[in-house]
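To keep things clear, I will list the structure first and then write my remarks on it.
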Amino acid sequence: MSSRTLTLLLAAPLLFAACSVEVGTDADAAETPGAVKRREPTRVRVLPAVRREMVAALETTTNLASERRVTISPRIGGEVIEVLAEEGDAVEPGAVLAKLDPREVHVALREAEVAVSESAHAVARAEVMIREAEARIEGSRFAFENAKAVFERNEGENLISAQDLDQLELNRDTARSELEQAQLALETARIDAQTAETNHAKAELELERAQLNESFTELRAPIRGTIAKRAVRVGDQLTMASEAFVLVDLDDLRAEFFRPQRELALFTGHVDDDGHPTRATLSVTVRAEALPGYEFDGRILRVSPDIDPESGSFRVTVDVDAVQHGVRLLPGMLVRLYVVTQRHPNALVVSKRALRREGETSVVFAVRNGRAARVVVDEAFSDDDYVEVLPHDGFTLEAGEDVVIVGNRDLEDGDEVQVTRVAAVETTHGAKHEDATLRSEDEAPADDDTTEATLPDDASLDVPQDDSEAADADQQDE
C-alpha cells in the first residue's frame, strides 16, 4: 500500500465528521428559540376604483299594453266565406280581414232600391194632385165670384121674380161650397204630398242602411296595426257579439304603475324655497324579462291627479320606445321599470365585494406600495354590482387605485399583499362586471400595460372567495 493511499484512508473519517458538524450546526440554528420567521404576503384580488355615473332609481314591475288595442266584431250577422288575415300580419287602415256571405244583404239592398223608386212615384203623384186641386180652386173661385155678382145685381133692382132670385142665391151658395171643397182638396193633396216625401225619405234611409250592411259584409281594419288574434274560420256563423279579430298597434306602448302618495312630488315637481314651482324631469329605463341584456327608453307621459283613498297611491303612465337595438317589445310583456330620480355623473365607485363592514363603519382596502391601506368610506348610490363611495374625513381614495375585492376579510392596515387583478369587462349596457381572467403582479410586464382576455357572455365568473381558494387557483396555474 502506498503512502498516498494510506493518507486518503486516514483523512476520510475526518471529512465526514466535519460535514456532520456543519449540517448539525444549521439545524440547531433553525431550532433556536426566539428566531423570527418572515410572514408570507396575503394573496388578494383587486379591482380598481373608477369614475362613472351612478343614479338613484325607483324600481317597479308591470305589464306593457298597447295604447291602441281594437277588438273587431261584425256589424251584422252572417256566415264567414273568406278569411284574408292571419295572426302577426301587419295591416293598414281599411284592409279587408274577412268576408261574410252577402246574398241576403244584396236582396235587402234591392228591396230598398225598389221602395225608394215607389216612394218617388208617390211623391210625383202627390204633386200632380196638388196642381189639380189648385186648378179646381181657380174654377170654383171664378164660379163663386160670378154667381155672387149676379145675385147682388138682381137683388136690389127687383127685376126678377123672387123664385129666380132664390135660385141665384142658391147658385151663389153652391159655388161658395164648391170653392171651399176645392180648398180642402188642396190641403189634403199637400198633406198627401208631405206624407209621400216622408215615405220617400224613409225609403232612402233604408237604402243607405242596406248599402252600409253590404259594406259590413267585409270586416276591415279600423287602424294601422298587427293582428294579435284571429278568432274566425271559414264557415263560422257570426253575430254582432262575436269577436273576430284583435288588432294592436305595436309601436304605441304604455306602462302603467302605482306609487305611494309620499312620492308624488318626485313625479309632479314641488315648490322651491323661493316659492317657484319646479317641474320633475325623470328618465325611465325599461327592461323585459323576456329580452335579457337589452334596455329600452321610457318617458313619464302623465301622472294621475287622483289619489286612490283605499291604497293611498297614484297612477303613473309611461310612454315606452317599442324598438331599440333592433329588438322589439310586445304588449303584455312583463317589464321592470327603473325611474331615475337623481344622478351623480362622476361618482367614485368600487365593487360591492370590496366593502367590509365593521359595525356601522364601511371600509375598503386600497393597495399602495404592495401593502393594504385601510380607507373608511361612506356609501352613496349603488346598483347590482357597484357602490359609490365617499372617503371619510382623513382618508383618501383615488380613481384608478386598486381595491381589494377578495381576501379582505382578515386583512389589516399595512399588511403586505400579493395582488392578482380582476379585469372589468363592458357588458351589453355599458356597465361593467368582474371577469374571471386574472393576472398576477409577478406575471405582468413591468409597465403594467397589458391587454386582458375576456370571456364570452355565457361564461361563468368563477372567482375564488377567500385566501385558500386563491392559493389553490395559483397552484393550479403553476
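Every number here is computed from the coordinates shown, using simple stated rules; none is lab data. Everything quoted here is computed from the prediction, not taken from an experiment. We place every Cβ from the backbone using ideal geometry, glycine too, and count neighbours over all the protein chains shown.
3J(HN,Hα) along the stretch 327-335: 10, 10, 7, 10, x, x, 5, 7, 10 Hz, from the Karplus curve 6.51 cos²θ - 1.76 cosθ + 1.60 with θ = phi - 60°, whole Hz, x for Gly and Pro.
Any idea what the relative contact order of the stretch 103-215 is, in percent, if you count C-alpha pairs under 8 Å spaced at least 6 apart? Answer for the stretch 103-215 is 53 percent.
Using the Karplus relation 6.51 cos²θ - 1.76 cosθ + 1.60 with θ = phi - 60°, the per-residue 3J(HN,Hα) values for the stretch 110-125 come to 5, 4, 5, 5, 5, 4, 5, 5, 5, 5, 5, 5, 4, 5, 5, 5 Hz, with x marking Gly and Pro. Classify the stretch 103-215 from the C-alpha gyration tensor, please: rounded if a/c falls under 1.5, else prolate or oblate depending on whether a/b exceeds b/c. It is prolate, given that a/c is not under 1.5 and a/b is the larger ratio.
Distances between placed amide hydrogens fall under 5 Å for Thr341 paired with Ala56, Ala57, Leu58, all partners being 5 or more residues away or on another chain.
When the Cα positions of Val114, Phe144, Gln181 are compared along the charge dipole of the stretch 103-215, Val114 comes out farthest toward the positive end, with charges on each C-beta of Lys, Arg, Asp and Glu.
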